[in-house]
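So the structure is just underneath, and the comments pick up after that.
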Amino acid sequence: MVPSKIKKLFSNPIFLFIFTFCVELILNYLFEYQRIGGNYIFIDMAFAPTFGLMFGPAGALGFATATLTGELIEGIGFPTPIIDFATTFFISLLAYKLWYNILTKKKIDTPRFNSTYNIVKFFCITVIVSIVYFALLVISFSLYPGLNFSYSITDVDFNFPYILNIITFSIIFGLLLISSFNILKIPLRTPKRRITKININPYYLLTVLLICVAYIMFKEFIVGIRFIKHIFYFILIVTSLLICFNTFDRTIKPTNDNYSIIEEIILIFLIIISITIFLNFNYFNTLILSFTPDLDPSYQLLLIIAFTSILILLVSLIHIQYIEKKITNPLYTLIDTADNYFKTENRSESIINVKKYIGNDSIGVLANSFVRSYNKIKNNLKQIQITTSEKEKFKTEFDVASNIQSNMVPKNFEEFSENEFEVSATMKPAREVGGDFYDYFKIDEDNVYFVIGDVSGKGIPSTLFMVKTMYLIKNHSKFNDDLSQVIEKVNNLAYERNDEELFVTTWIGKLNLKSGKLSYVNAGHNQPLIKHGPSDFEYLNTHPNLVIGGMKDIKYSEHEINLNAGDMIFLYTDGVTEANDNYDEFYGEERLKEIINENKNEKLSDIITEINKDINNFCNNKQFDDTTMLIIKYNGAGGK
């Protein structure tokens with residue numbers, strides 16, 4: 001494929017003008033001054049409709065300006081160069097407008113030869129433009145008889161070889177250049193929306209145009225009166241002008257993103273044309289002379305090229321029609337069905353269109369495979385719908401379970417705000433529900449219990465085990481002052497019917513609000529951080545006992561410390577210290593200690609908030625485990 005810089009150049013109108021100007025100037029020199037091919041071959045004229053189709057007004061203006069310049073250099077005096085400038089610009093623009101205004105299907109495409117329809121359309125436009133050009137010359141010769149010397153036309157009323165010259169080379173070079181540009185993905189110029197005062201149905205204009213063209217081509221068999229001929233010439237030119245200046249209310253998008261295999265076939269046939277003409281020139285010459293022995297020798301080469309080209313074009317159309325039917329149309333149907341499968345509700349209708357191509361050839365096997373894939377996708381979509389419905393149901397149930405779990409832990413942290421005891425906490429499950437928990441409650445006026453725990457595993461089983469553990473701890477704490485015995489009973493009950501072999505790490509404390517005495521038991525849990533007076537938080541190192549639910553009849557040790565007014569204790573689960581970003585590094589106990597000491601003088605809720613922020617920054621807002629924190633502040637026997 002060509003570089004993007006070249007594609008960008010061909011999107012610039014100024015470059016298109018310069019490009020077409022230079023090409024026509026060179027061709028004008030080669031086929032005018034050198035007289036290559038004889039007096040009746042004007043190959044460069046074929047580029048007028050071709051450049052008009054490809055590059056629009058910019059290309060038409062470049063070609064017409066080069067024609068004007070070439071004739072001025074040659075020494076041809078006015079008004080011939082001006083008339084040639086106007087006529088060549090007009091037929092170039094006419095070809096451009098005809099392609100986008102008439103003979104269009106639902107989707108208007110840029111000039112390309114990916115179907116027999118587009119090829120026939122191109123051929124018709126070439127014929128119309130050639131005859132319009134000849135009509136312009138006839139009118140010009142009638143007004144300025146002296147112009148005729150430069151064209152060597154002996155019969156200004158009708159000169160079939162001259163028209164055939166333009167048609168033949170327009171077909172050859174048009175097919176060659178347009179196909180090449182599409183294959184190389186070089187964008188062609190497309191029209192923009194334009195609204196004018198002339199707003200005539202283009203098909204009315206096309207009807208008039210075709211009538212005039214038919215008359216001019218077959219006038220010898222209809223009416224031979226010169227006056228009537230000139231009326232038809234005049235109507236033909238006026239109709240062409242109306243097509244060029246008619247309202248254009250569509251914006252066409254270029255379609256050079258891909259190319260059809262047919263365009264490659266066209267290039268192959270063009271090569272065949274060249275080789276055929278070269279190898280069989282003498283044969284074609286003898287054949288033509290045998291039918292027309294009085295033929296002017298200057299016409300021979302033109303007729304050989306024209307008839308050979310048209311013959312090859314007809315054979316190509318027959319072959320391309322077969323390819324369309326057997327290859328490209330099925331492939332386009334498969335592509336459209338695949339592209340629009342999820343954009344339309346009429347999927348069954350699309351598949352019916354594909355089924356008609358099922359057969360024993362390669363395309364038929366592909367279509368059959370496509371239909372099988374469709375049936376599999378259809379079944380999978382049904383299964384996905386069922387799975388999605390069940391997933392939504394589970395999600396709803398999980399949301400309910402999450403709300404239930406959230407409501408199980410206390411959240412009214414203000415209930416002790418004006419008394420001897422302050423508390424704040426947070427619990428963030430890694431999934432919808434988790435195994436972490438915290439709790440605090442009074443068992444009498446003087447003693448308050450607080451506990452934090454972490455169940456092994458995640459999900460529903462851990463949550464149920466967490467609920468069981470919370471219930472057992474709270475229930476047994478009300479009837480036993482010895483924390484070690486409370487945990488021993490809870491452990492034995494948790495161990496029973498523990499088929500999932502789950503366990504709980506927990507830290508439970510009992511604070512006497514009058515004396516500040518804190519009794520606690522550590523059942524395999526993380527060491528808490530404790531702060532005495534104005535000093536920093538430090539870890540409360542105590543040898544932990546075994547986790548709850550792991551073994552039966554385990555003995556647990558109760559420890560005691562005294563708290564003074566202003567002392568705080570911070571409890572957390574391992575989801576805090578083991579927080580990480582893709583397991584590259586753990587958050588760690590030291591970082592936790594640093595951040596809590598940086599905020600030790602803040603409100604309890606603010607301390608937890610700052611720790612959460614630091615964890616989120618460290619983990620890039622990712623969470624792999626349940627995260628729970630509980631902080632308590634003792635205000636002394638008299639309260640705040």
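Derivation of every value follows stated rules applied to the coordinates shown; laboratory data play no part. Everything quoted here is computed from the prediction, not taken from an experiment. Backbone-built Cβ (ideal geometry, glycine too); neighbour counts: all protein chains shown.
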List the trypsin sites (Lys or Arg not before Pro) within segment 504-598 that fall in a DSSP loop (any state other than H, G, I, E or B) and whose Cβ has at most 16 other Cβ atoms within 10 Å. K514, K552, K555
Proxy reagent accessibility, fewest Cβ within 10 Å first, across W507, W99: W99, W507
Averaged over all viewing directions, the convex hull of the alpha carbons in segment 414-634 casts a projected area in nm² of 11.7 nm²
